[in-house]
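Working notes for the structure below.
The values are calculated or read from the model by the stated rules, or taken from the named source; none is laboratory data. Only a predicted model underlies this, so the values are computations on that prediction, with no experimental measurement involved. All Cβ positions, glycine included, derive from the backbone under ideal geometry; neighbour counts span all protein chains shown. In case anyone asks, the SASA skips ligands and DNA or RNA and just uses the protein heavy atoms, side chains included. Shrake-Rupley method; radii C 1.70, N 1.55, O 1.52, S 1.80 Å.
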Amino acid sequence: MARATGKGEAVYERLKGDIESLRLRPGAKLSEVQLGEELGASRTPVREAIRRLAQEGLVDFAPGEMARVAAISLGGVRALFEFRMLLEPRAVTAVATAGASDERVLGPFHELLERLEEFDASFRALDTAGQVRSYQEFYDLAEGFDQAVIAACRNPYLARTIRDLRSQTVRLRNISHSGPRRMLTSLEEHRAMLKAITQGDARAAKAACLHHLAQTLQALIDSLTGEDPTFGADVQL
């Protein structure tokens, strides 16, 4: 039983990673047989992984039909960001407020700010090809920021809701950061959020978070409506 559970978790993590990274495109069919052969697993852990991903909104699954990677729609993206704009600014406000009276809260954010400054210096020194290769390092920093906010948020309901949206937001991050220019802009936005939090400035943290979400939403709309042809064909308009 332990081996089956371990295999099921491995299949789930692999499929989730492939969907979030866009290696599995929106609308792609998910054949249990084919995936099982590719991943060296029986149909049962593959089926369980698909059902878990469907619960997270990453897979469209209906009994009797082949599952597909969930499509991305402009309406869905706007709805998601409308919800995020209610949740995440409140969370960073709470974290900055807590940090103003308890320095222990701010430790991870000071560390992230230092890592961000180091990344910024190295990123700007690279040519375009090198910058593209370093995207994952920035994604890791951005994910570290999001997870630090979740961990430091003292409202468990707010933290859990933000965490539950992570699968959707990670997949969209790979679309919104589709060029070095947006990468640098997002870097500046994360710097602003980190500085506000580490300074205990709740108002500035909230404003920086709202600005970041608004800019990310616009970058997504630009990509999904055809300015970036890589994604336009996969999107339900």
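Numerical summary
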read-out: Rounded accessible area of LEU30 (nearest 10 Å², 1.4 Å probe); value: 10 Å²
read-out: Span from the region 99-162 Cα centroid across to the region 40-86 one, whole angstrom; value: 27 Å
read-out: Sequence-distant residues sharing a close amide H with ILE72 (under 5 Å, placed H); value: GLN236
read-out: Trypsin sites (Lys or Arg not before Pro) restricted to DSSP loop in region 71-107 with at most 11 other C-beta within 10 Å; value: none
read-out: Acute angle (nearest 10 degrees) that the helix 202-222 long axis makes with the longest principal axis of the chain, alpha-carbon atoms; value: 40 degrees
read-out: Spatially proximal lysines relative to LYS16 (Cα-Cα < 29 Å; intrachain offsets below 8 disregarded); value: LYS7, LYS29
read-out: Simple label model, 7 Å out from Cα along Cβ direction - HIS211 to MET85, nm; value: 1.6 nm
read-out: Relative contact order (%) - the chain, alpha-carbon pairs under 8 angstrom, separation at least six; value: 26 percent
read-out: Phi to ³J(HN,Hα) by Karplus 6.51 cos²θ - 1.76 cosθ + 1.60 over region 77-88, Hz, x for Gly, Pro; value: 5, 5, 5, 4, 6, 4, 5, 4, 5, 7, 8, 5
read-out: Segment VAL132-GLU118, extension gain: residue separation times 0.36 nm, minus the distance between their alpha carbons; value: 3.4 nm
read-out: The chain - Rg (one decimal) and Dmax (whole number), Cα, Å; value: 19.0, 56
read-out: For region 96-105, 3J(HN,Hα) per residue [Karplus equation, 6.51 cos²θ - 1.76 cosθ + 1.60, θ = phi - 60°, Hz, x = Gly/Pro]; value: 5, 5, 5, x, 5, 10, 9, 4, 4, 5
read-out: Rounded to 10°, Cα long-axis angle of helix 135-152 versus longest principal axis of the chain; value: 70 degrees
read-out: Qualifying GluC sites (Glu not before Pro) in region 34-112, DSSP loop, other Cβ atoms within 10 Å at most 10; value: GLU65
read-out: Per-residue [θ]222 nm for the chain (sum of -39500 (n - 2.57) over DSSP H runs n ≥ 4, rounded to 500); value: -24000 deg cm²/dmol
read-out: All lysines inside 23 Å of LYS195 as judged from Cα atoms, apart from same-chain residues fewer than 8 positions distant; value: LYS206
read-out: Phi-based couplings in Hz for region 54-68 (Karplus 6.51, -1.76, 1.60; Gly and Pro marked x); value: 5, 5, 8, x, 8, 10, 8, 9, 9, x, x, 10, 6, 5, 9
